[in-house]
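Each value in this text was obtained by applying a stated rule to the coordinates, not by laboratory testing. Here the structure is a predicted model, which is why all the values come from computation and not from measurement. Note: ideal-geometry Cβ built from the backbone for every residue, glycine included; neighbour counts use all protein chains shown.
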Amino acid sequence: MDKELQQKYLNEIGIVVWQERNFENLGNLDRPQISPKDSINRKELLNKNHNQHLLDLQEQVKTCKECALHQSRTQTVFGAGNTQSDWFIIGEAPGSEEDVKGEPFVGRAGQLLNSMLLAMGLPRNEIFIANILKCRPPNNRDPKTDEVDACRKYLKRQLELIKPKIILALGRIAAQNLLKLDIPIGKMRGNSYLYPNSNLPVVVTYHPAYLLRSPRKKRKVWGDLKFAMQKYKELT
Ligand code: SF4
């Protein structure tokens, strides 16, 4: 990535000092995309079966009533992005803007996440992003255990189909539920975990919405992102 451009993105997320890294080979911009609303561009599909399975799963999620959240949602938020990405970003649950737009990580937190990703050399269309829950909890409360358990199979299937090389978990709720660990996020940061029953590495950092409230944590997040990039480089 162009150094000036990277510095611009780092400035946007509040990091003004950075170490030079080689961000080459982080992905192919021509990979197929899935948009929020059943929108895989069929002409661009490299693997029809792979993407058809994702479309089928998306349809299944749209009509899901397996937990009480279906009663209050405007629509489901399946996830969006590059269906063949090496990077799978996982957040907590849709918020009010996501619930309206049907897309994960929109609004101010989404913009901050975009800048974080760009600082890593990863345009948003180069990663796949989804949440632990596909429906918004009322008043943005924390997900309940039974809701997470009911929804877990969809995320599991997304991971099986997309086959990322690395997961970046954003925030305590995502990290703890993904890894089934009850460890404070401050202690999870800086360590690499494995997604249960797999060799898929998981790196944990703070949620962008938390960073908006606690901007002094941005430097720690940049450290986490560099750790994730290093982990990725070791895998490829
Ligand atoms: S949160 Fe998940 S399990 Fe609950 S209704 Fe939505 S899609 Fe179904």
Quiz item: So which pairs qualify, if the first residue must be in region 205-231 and without any contact (Cβ under 8 Å) to a residue 60 or more places away in the chain, the second must be part of a helix (DSSP H, G or I), the Cβ gap must be under 6 Å, and the two must be at least 6 apart or on different chains?
Solution: Thr205/Val221; Thr205/Asp224; Tyr206/Lys217; Tyr206/Val221; Lys217/Leu211
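Hand me the list of helices (runs of 4 or more DSSP H) wholly inside region 162-236 holding 1 or more residues that are among the β-branched types (Val, Ile, Thr), touching a Gly at 6+ places or on another chain (Cβ under 6 Å) and on the phi < 0 side of the Ramachandran plot. Break it down into steps so the answer makes sense when it comes.
On the way: elements: 172-179, 185-188, 208-213, 218-235.
Filter on region 162-236 gives an empty set.
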Quiz prompt | Candidate set: region 104-141, residues that are free of Cβ contacts under 8 Å to residues at least 12 places away in the same chain and not aliphatic (A, V, I, L, M); chosen: the one farthest from Trp222 (Cα to Cα) | solution = Asn139
Self-check item: Pairs, first closer than 15 Å to Pro196 by Cα in region 142-163, second away from the ligand (no atom under 12 Å from the Cβ) and among the acidic types (Asp, Glu), C-beta under 9 Å, six or more apart
Solution: Lys163/Asp86
